[in-house]
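Single-structure report; data block below.
The values are calculated or read from the model by the stated rules, or taken from the named source; none is laboratory data. This one's a predicted model, so the numbers in the text were calculated from it and none came from an experiment. FYI the Cβ positions are ideal-geometry reconstructions off the backbone, even for glycines, and counts take in every protein chain you see. Note: areas computed on protein heavy atoms with side chains; ligands, DNA, RNA excluded. Shrake-Rupley method; radii C 1.70, N 1.55, O 1.52, S 1.80 Å.
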Amino acid sequence: MARRSQLIPWRTAGRVSEDQTSADDVVREIGWVFNNATGDSLDLEEFTGTGDQEIFAYLTAFDLLSPDIATQTLVEIGSGIGRMTAGFSKAFGHVVACDLDAAFLERCRQTVAKLGVVSRLRTVHVADGRTLAVADGQADITFSYITLQHCDHDDALSLVAEAVRVTKPGGHIALNFRTWTGIDVLLWPLGKLMRLAWRVPSIGPWLAKRRFASRLGWQANRLSPDQVARHLEALPHKLDHRVIYHSPDRALAQRSDAELRTFEGVNPSHWWLVAERV
Ligand SMILES: C[S@@+](CC[C@H](N)C(=O)[O-])C[C@H]1O[C@@H](n2cnc3c(N)ncnc32)[C@H](O)[C@@H]1O
């Protein structure tokens with residue numbers, strides 16, 4: 001796994017987070033991978049505030065807010081330092097935060113302790129980047145945002161299978177993907193070059209801490225609805241009531257396996273698969 005260069009910015013940010021004394025410092029110092037804003041005035045509360053807003057915007061748009069939410073379990077794939085996890089822990093009875101980086105998970109626990117309900121939190125280290133140490137059928141909702149695009153193609157598909165596996169029959173998955181856009185003609189080759197540069201001992205560690213460089217190289221795959229649908233066909237557990245949410249600014253071809261709905265909160269290069277586990 002050490003050879004998968006797309007893991008480098010996360011591991012680098014994880015190490016930087018370990019050196020910080022306060023949670024506010026963590027937000028400021030590793031903003032290059034987590035935040036659309038950077039600067040000395042940022043703090044943890046403001047950072048998780050953005051997560052709180054997005055959680056309810058998405059769960060409402062996806063029709064996933066149940067009256068039973070306080071007894072439900074949510075599994076989050078790619079929790080980072082808990083930007084959304086804190087909000088999830090206030091709403092759901094149990095939250096399982098999964099992430100590649102163990103240092104992020106420690107910070108996630110601190111975030112939830114400060115701004116959420118830590119007694120409802122369990123953290124799971126995704127040590128191999130592709131399997132979740134979570135039993136089958138645990139989750140009412142398995143949620144992943146801005147994470148699958150950062151994984152190796154096969155790891156992302158493995159995590160999709162894991163999301164379906166850990167979701168209980170009648171529960172839902174809500175998974176965010178990134179697909180191809182026109183700008184990828186430039187971004188894709190430059191991203192590959194950047195991931196190679198991260199491995200060069202003289203400049204790699206320096207580059208891996210640079211916001212521009214990370215954003216160029218951190219997206220390691222593009223997955224279309226067709227690719228994910230083909231992968232789902234081979235899985236032992238099936239999905240029903242599939243809905244693909246996309247930006248109103250991006251047209252998608254009608255399909256027989258899923259309803260298409262638009263939501264303004266979806267980035268034009270992203271799409272979401274929301275579906276019920278049979
Ligand atoms: C851009 S952050 C998003 C964090 C959070 N979802 C949010 O919206 O604030 C992506 C997260 O995915 C995690 N990640 C990257 N590759 C992963 C993998 N293969 N398995 C699990 N987590 C992964 C990173 O460590 C990072 O915390």
Item to complete: Working only within the stretch 84-113, note down all residues that are under 14 Å from THR71 (Cβ atoms) and of a type in the set (A, V, I, L, M).
Response: ALA91, VAL95
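For the condition open to solvent by less than 40 Å² (accessible area, probe 1.4 Å), over 25 Å from ARG261 (Cβ atoms) and more than 10 Å from the ligand (Cβ to nearest atom), what is the one hit in VAL112, VAL117?
Values: VAL117 fails: open to solvent by less than 40 Å² (accessible area, probe 1.4 Å).
So the residue among VAL112, VAL117 that is open to solvent by less than 40 Å² (accessible area, probe 1.4 Å), over 25 Å from ARG261 (Cβ atoms) and more than 10 Å from the ligand (Cβ to nearest atom) is VAL112.
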Worksheet item: Any idea which of (1) open to solvent by less than 50 Å² (accessible area, probe 1.4 Å); (2) within 16 Å of the ligand (Cβ to nearest atom) is the one ALA133 doesn't satisfy?
Response: (1)
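Within the bounds of the stretch 70-86, is there any residue that is within 13 Å of the ligand (Cβ to nearest atom), over 24 Å from GLU276 (Cα atoms) and hydroxyl-bearing (Ser, Thr, Tyr)? It would help to see each step written out before you state the result.
Pass one, the stretch 70-86, residues within 13 Å of the ligand (Cβ to nearest atom): 74-86.
Narrowing the set further to residues that are over 24 Å from GLU276 (Cα atoms) leaves 80-83, 86.
This time we only want the ones that are hydroxyl-bearing (Ser, Thr, Tyr), so: none.
So far as the stretch 70-86 goes, no, none of its residues is within 13 Å of the ligand (Cβ to nearest atom), over 24 Å from GLU276 (Cα atoms) and hydroxyl-bearing (Ser, Thr, Tyr).
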Item to complete: Count, please, the residues in the stretch 70-87 that happen to be β-branched (Val, Ile, Thr), open to solvent by less than 10 Å² (accessible area, probe 1.4 Å) and assigned to a helix (DSSP H, G or I).
Response: 1
Worksheet item: Does THR123 satisfy the criteria of being open to solvent by less than 10 Å² (accessible area, probe 1.4 Å) and more than 10 Å from the ligand (Cβ to nearest atom)?
Response: no
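Conditions (1) farther than 27 Å from VAL26 by Cβ; (2) at pLDDT 95 or above, marked per residue:
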residue: VAL164; (1), (2): yes, yes
residue: PRO169; (1), (2): yes, yes
residue: ILE173; (1), (2): yes, yes
residue: ILE183; (1), (2): yes, no
residue: PRO189; (1), (2): yes, yes
residue: MET194; (1), (2): no, yes
residue: PRO205; (1), (2): no, no
Worksheet item: What is the residue count in the stretch 142-153 for residues that are open to solvent by 10 Å² or more (accessible area, probe 1.4 Å), assigned to a helix (DSSP H, G or I) and near the ligand (Cβ under 10 Å from one of its atoms)?
Response: 1
Discussion item. Would you confirm whether or not the stretch 88-103 contains a residue that is surrounded by fewer than 24 Cβ atoms within 10 Å (Cβ to Cβ), part of a helix (DSSP H, G or I) and away from the ligand (no atom under 13 Å from the Cβ)?
Written reply: yes
Practice prompt. Taking GLN254 as the residue in question, decide whether it is of a type in the set (S, T, N, Q) and within 16 Å of the ligand (Cβ to nearest atom).
Written response: no
Fill in: Qualifying helices (runs of 4 or more DSSP H) (wholly inside the stretch 17-65; at least 3 residues being at pLDDT 95 or above and buried (at least 17 other Cβ atoms within 10 Å of the Cβ))
44-61
